[in-house]
1. Take the residues in region 24-55 that are basic (K, R) and assigned to a loop (DSSP other than H, G, I, E, B); name whichever of them is most open to solvent (accessible area, probe 1.4 Å).
2. Evaluate the following for E30: is it over 20 Å from A81 (Cβ atoms) and among the acidic types (D, E)?
3. Return the only residue of G311, G268, G286 being more than 19 Å from the chain's Cα centre (by Cα), within 16 Å of the ligand (Cβ to nearest atom) and at positive phi.
4. Have a look at F195, F225, F236, F245 and point out the one that is within 15 Å of the ligand (Cβ to nearest atom), in the same structural domain as T136 (by TED's automatic domain parsing), closer than 21 Å to T111 by Cα and modelled with pLDDT of 95 or more.
5. One residue is enough: does region 77-97 have a residue meeting the conditions surrounded by 14 or more Cβ atoms within 10 Å (Cβ to Cβ) and of a type in the set (A, V, I, L, M)?
6. Quickly run through region 164-192 and pick out the residues that are in contact with a Phe, Trp or Tyr (Cβ under 7 Å, 6 or more places away or on another chain), within 11 Å of the ligand (Cβ to nearest atom) and either more than 23 Å from I117 (Cβ to Cβ) or polar (S, T, N, Q) (or both).
7. So the check is Cβ under 8 Å with 6+ separation or different chains; which pairs have a first residue in region 29-57 that's free of Cβ contacts under 8 Å to residues at least 40 places away in the same chain and a second one that's assigned to a loop (DSSP other than H, G, I, E, B) and surrounded by 14 or more Cβ atoms within 10 Å (Cβ to Cβ)?
8. For the structure I just gave you, tell me whether R104 is under 21 Å from F195 (Cβ atoms) and either in contact (Cβ under 8 Å) with a residue 40 or more places away in the chain or among the aliphatic types (A, V, I, L, M) (or both).
Amino acid sequence: MVDDLLEQLRELEKEGAGSIATADGAEELERLRVDLLGRKGRLTGILRGLGGLSPEERPRVGAEANRVKEVLSARIDERKAACEVAAAPEAHVDLTLPGRARWRGGVHPVTLVVDEICDIFRDLGFSRVRGHEVETVEYNFVKLNTPLDHPAVDMHDTFYLGESLLLRTHTSPVQARVMEQFRPPVRVVVPGMVFRRDPFDASHAPGFEQLEGLAVDEGITFVDFKATISEFARRFFGPTTKTRFRPSFFPFTEPSAEVDVSCQLCGGAGCSACKRTGWMEIGGAGMVDPAVFEAVGYDPERYTGFAFGLGPARIAMQRYGIPDIRLLYENDVRFLEQFV
Ligand code: DAH
């Protein structure tokens, strides 16, 4: 008898839960409440059987009946609330709650600049390639016509990893690697990190980005070089941008130049950003030295070319008004997430 009643209660709980879960709307749920738990409902019907039980048996069935009643009643309430929200979702949204901001990463400002520079050079026919951050003395210096008594070779300026291995001090060794691998015509841009024993201060970092460029073919002249750099500057900085080439020296170019563009902030009139000069330096460049062609097995009588090395970190600082280079490398997300 007891088992029979308990079985009926279990059956009622199962069936009732099923009907509640599929009930649609408050009216139907109220009907179910009456039908299942009401005074003349099915639970009451089952409890009539209590009369046939001994006084010791009754509490067990009574307790189970109460539990089933509570469970079904709670299910009805929950289902009712869910139906109400589904019917009018806006009435249940608290518009005054502060939003839960979703984390969004940004693209590093130097990466933005590197990608933009590479996109421009791609339109001008240059492919994007990469080299090795760990280089040999041979590629970092010797093949680039840099004698081993050049100051850049010094332990004080360069991170050596062994007798002949080092962290590259510039992206120029990739010039030699590309020329050894491909016959002319060659047109590449090479972004990447370079490393120097510099103090970490507002304008120096021991590791920073460089962007190398190289174009080699028959008949390339200084005019091609100036035109290409000037066209790049107009596309990157804006159509009225002027370029200026100052004589300079690099072992791997002859002649060599420092490239300046008219200051973005004052348009060349002179301001604090350009130290009143009206110009901003964006990198070094020049015509590839014949000695470099010889070192990589190109015929210097047949081929000429130009090369350049830009500083994307410095360009990013100018573009975004970043006053201290350390901000670029400290990985503080509050700084980095501003760039999208
Ligand atoms: N490698 C030079 C540096 O790190 C920059 C440079 C100058 C690269 C002239 C070039 C170039 O390709 O032609 O200072």
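The values are calculated or read from the model by the stated rules, or taken from the named source; none is laboratory data. Worth saying up front: this structure is predicted, and the values here are computed from it rather than measured. Because the Cβ atoms are built from the backbone with ideal geometry, glycine has one as well, and the counts that use them run over all protein chains shown. For the accessible areas, the whole protein counts, side chains as well, though only heavy atoms, and no ligand, DNA or RNA atoms are used. Shrake-Rupley method; radii C 1.70, N 1.55, O 1.52, S 1.80 Å.
1. My answer is R39.
2. Taking the combined requirement at face value, the residue does not satisfy it.
3. On the way: G311 fails: at positive phi; G268 fails: within 16 Å of the ligand (Cβ to nearest atom).
When all the criteria are applied, what remains is G286.
4. Sole residue among the options that is within 15 Å of the ligand (Cβ to nearest atom), in the same structural domain as T136 (by TED's automatic domain parsing), closer than 21 Å to T111 by Cα and modelled with pLDDT of 95 or more: F195.
5. No, every residue in region 77-97 fails to be surrounded by 14 or more Cβ atoms within 10 Å (Cβ to Cβ) and of a type in the set (A, V, I, L, M).
6. Within region 164-192, T169, S172 meet the criteria.
7. From region 29-57, the pairs are V34/G41; D35/G41; T44/G38.
8. No: the conditions fail for R104.
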